[in-house]
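Data block below; observations after.
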Number of protein chains: 2
Amino acid sequence: MKKKAVINNNLPCKTEITAIKDTMEILSGKWKFHIIGTLSLGKKLRFMDLLREVDGIGTKMLSKELQDLEMNQLISRIVLNTKPVTVEYQITDFGKTLIPIIDEIAKWGIEYRNFVYKNKRRV
Amino acid sequence: MKKKAVINNNLPCKTEITAIKDTMEILSGKWKFHIIGTLSLGKKLRFMDLLREVDGIGTKMLSKELQDLEMNQLISRIVLNTKPVTVEYQITDFGKTLIPIIDEIAKWGIEYRNFVYKNKRRV
DNA sequence: GAAGATAGTTTCCTTTATGAAACTACTTTC
DNA sequence: GAAAGTAGTTTCATAAAGGAAACTATCTTC
């Protein structure tokens, strides 16, 4: 008989694995953290503002990523009745629930630098 | 004069953005969370064990991802003097510092499901 | 009327990621 | 000696992601 997975083959583990997959799919790609992080500072930003704030992104990717985030209700898109039209993007309350994740990840990245630096000195 | 980024154009923000990029690069790809999550349960696992635990992964990807993780000192690889050779993979103490991130992400994924479910009912 | 700003979309191209299958190389079991 | 288990690597192929540049369309300013 073929061997099977044991450790991950129970309901709590499977639920957690699925949850991680879901989250990472929603936050997938090169730019989502950057966009959410920028909007999480609380200001309403227009398309061109974001293009300037998110260093290196182009119009195509910005447009696509904003659509993804809006679809998942993490940001809101409001078209203003100005001429020419302006569009305001804003993080939603639900989007703000991502902030603890972003903070953990940023914190770890800084710890990682310290760790690498310490190891270099020791060797 | 061309407009420039304002919000993200200061040192604390840039440090945070870099830290997030670093972390996400280290954890990039379809399988790293899954592998670390499995090893974070504390047991030593061999290559074939991991192949069975990480549902869907193939030998090539597993081998590559394990190399990446070892290079970043998140897991350790120990070759045992058995015949045929067996290799034990284990999470390092440093690798364990990722657990809070993984927990936050899993927690959020579960909250996300609840949020989507609530919204469906309301509409 | 040309230039520049608003907010994107579309096209074409390159790079990166992923995967299935075959293969190496050694050892034990049937 | 064939089969199956150990731990991978290599090859070939496709899928997904990302990017540069051109383009639509409207409006304001010089």
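Since every read-out is calculated from the coordinates, none of them should be taken as a lab result. Please read all numbers here as calculations on a predicted model, not as lab measurements. Counting neighbours? That spans all protein chains shown, and the Cβs are built from the backbone with ideal geometry, glycine included.
A few remarks follow.
- Straight Cα distances below 14 angstrom link A:Lys3 to the aspartates and glutamates B:Asp49, B:Glu53, B:Asp55, with same-chain residues fewer than 8 positions distant left out.
- Test item: Cα-centred dipole of the protein assembly as shown, Lys/Arg +1 and Asp/Glu -1 on Cβ, debye: 340 debye
- Translational D in µm²/s for segment A:15-123 (Stokes-Einstein at 25 °C, 0.890 mPa s, Kirkwood Rh from C-alpha pairs): 158 µm²/s
- Per-selection Rg to Rh, the protein assembly as shown - Cα, Kirkwood hydrodynamic radius: 1.03
- The charge dipole of segment A:3-58, taken about its Cα centre with unit charges on the Cβ atoms of Lys, Arg (+1), Asp and Glu (-1) only, comes to about 160 debye.
- Legend: calculated FRET efficiency, A:Asn9 to B:Lys3, from the Cβ-Cβ distance at R0 = 41 Å, rounded to 0.05, equals 0.15.
- Counts of other chain beta carbons within 10 angstrom of each beta carbon in peptide A:11-19 average 4.
- In terms of its C-alpha gyration tensor, segment B:77-123 comes out oblate, because a/c is 1.5 or above while a/b does not outweigh b/c.
- Net charge dipole size for segment A:11-122 [Lys, Arg +1 and Asp, Glu -1 on Cβ; Debye, nearest 20]: 560 debye
- Spatial separation of Cα centroids for segment A:2-40 and segment B:33-51, in angstrom: 16 Å
- Summed over qualifying helices (DSSP H, 4 residues or more, each -39500 (n - 2.57)) and divided by its residue number, chain A shows a 222 nm mean residue ellipticity of -18000 deg cm²/dmol.
- Listed residues B:Gln67, B:Met24, B:Leu39: farthest to the positive end of the dipole of the protein assembly as shown (Cβ charges): B:Gln67
- In nm, spacing of pseudo-spin labels at A:Thr92 and B:Lys60 (7 Å Cα→C-beta vector): 3.9 nm
- Relative contact order [Cα under 8 Å, 6+ residues apart], chain B, whole percent: 22 percent
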